[in-house]
């Protein structure tokens, strides 16, 4: 009928493949940061490896989504990803397909029913970086810039490297002892573009040293605090591992995250938690879940308190104990004896039904 022009020809149906949709979607997200785009790319790679580049977008089923989740964690035949990484990639895949659903490219989101995709704190990877360890690492740092990077993480609680690289000398209020920290991670939240933290003594010392180097050396960048490692692709983690090895210390898990976690735990011992969260730039819920640690020092303090209480109890004077255990004696009892003598107990006991008492 279309050939003889009795009806209008149907337009060829645009069947989206998984690869074309993912590429178009990621390219359209010009609003996300480079780090987020990188995470999108990791999820794209996993989806294409599992389903195939030519897989039809509408052919992915909820059962396929379940298998994809298992494949991400499978250490033998899959990706062997950590639990949190697998959760994150399933969450982003869910986001991808939700966008396809909203564009009416598919009839349902195959990842919609996946639950438990929230990132969970792995307490086994928590590590408290003591001040003694921090001092050894600082001594092993090759220059003032690296000492400042480490101090901003350990004693300022900054996110590394994003918050370190945004710092300028205009952010330092020497007179009031304050430092303004611009936070790319929370910039999309209203009122969370930056925060103010105290210039803690440990920070001020390292800031003074970097300022002196800027004054005494030929430095082309006199705007930023950190000038030598401004490339966001610079692998600060690898360099910190070398410094820790030079200090003769075993590296701890999640190098920079645990420095920030240590500082938040430390500050929470001294200041109200809402104040600490304002300085660190997170919420109390996030702090409790991902940052605040229970340390060995907490257990030692509790044991010492218990032992101190036991010693005080055992050394209490004997006469004081016996005095406290003596029954209360009524005063002026001799004056009441006439009342006692005139009241007799009846034959049926202390509470007889007669009028004898």
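Please treat every number below as a calculation from the coordinates, not as lab data. Keep in mind that what you see is a predicted model, and the values were worked out from it rather than measured. Using ideal geometry, Cβ is built from the backbone for each residue, glycine included, and neighbour counts are taken over all protein chains shown.
For region 139-159, list residues with backbone N below 19 Å from a point placed 7 Å from the Cα of residue 174 toward its Cβ?
144-145, 148
So what is the relative contact order of region 120-206, in percent, for Cα pairs below 8 Å that sit 6 or more residues apart?
Values: 76 pairs, mean separation 20.6, N = 87.
About 24 percent, as a whole number.
Would you mind calculating the relative contact order of region 124-294 from Cα pairs under 8 angstrom and at least 6 residues apart, reporting the percent as a whole number?
On the way: 199 pairs, mean separation 54.1, N = 171.
It comes to 32 percent, rounded to a whole number.
By count of other Cβ within 10 Å, fewest leading, how are 197, 119 ordered?
On the way: 197 20, 119 13.
The order, fewest Cβ neighbours first, is 119, 197.
Mind sorting 94, 176, 192 by how few other Cβ atoms lie within 10 Å of their own Cβ, fewest first? Working shown, then result.
Working: 94 19, 176 10, 192 13.
Exposure proxy ranking, most exposed first: 176, 192, 94.
Taking other Cβ within 10 Å of each residue's Cβ, how do 229, 155 sort, fewest first? Working shown, then result.
On the way: 229 16, 155 24.
With the fewest neighbours first, 229, 155 line up as 229, 155.
If you stretched the chain out fully between residue 108 and residue 185, how much longer would it get, using 0.36 nm times the residue separation minus the C-alpha to C-alpha distance?
Values: separation 77, 0.36 × 77 = 27.72 nm, distance 3.15 nm.
Answer, rounded to one decimal: 24.6 nm.
In whole angstrom, how far apart do the alpha carbon centroids of region 53-102 and region 110-175 sit?
31 Å
Would you mind calculating the gained length between residue 29 and residue 294 on full extension (0.36 nm times residue separation, minus the Cα-Cα distance), in nm to one decimal?
Here the segment from residue 29 to residue 294 would lengthen by 91.4 nm.
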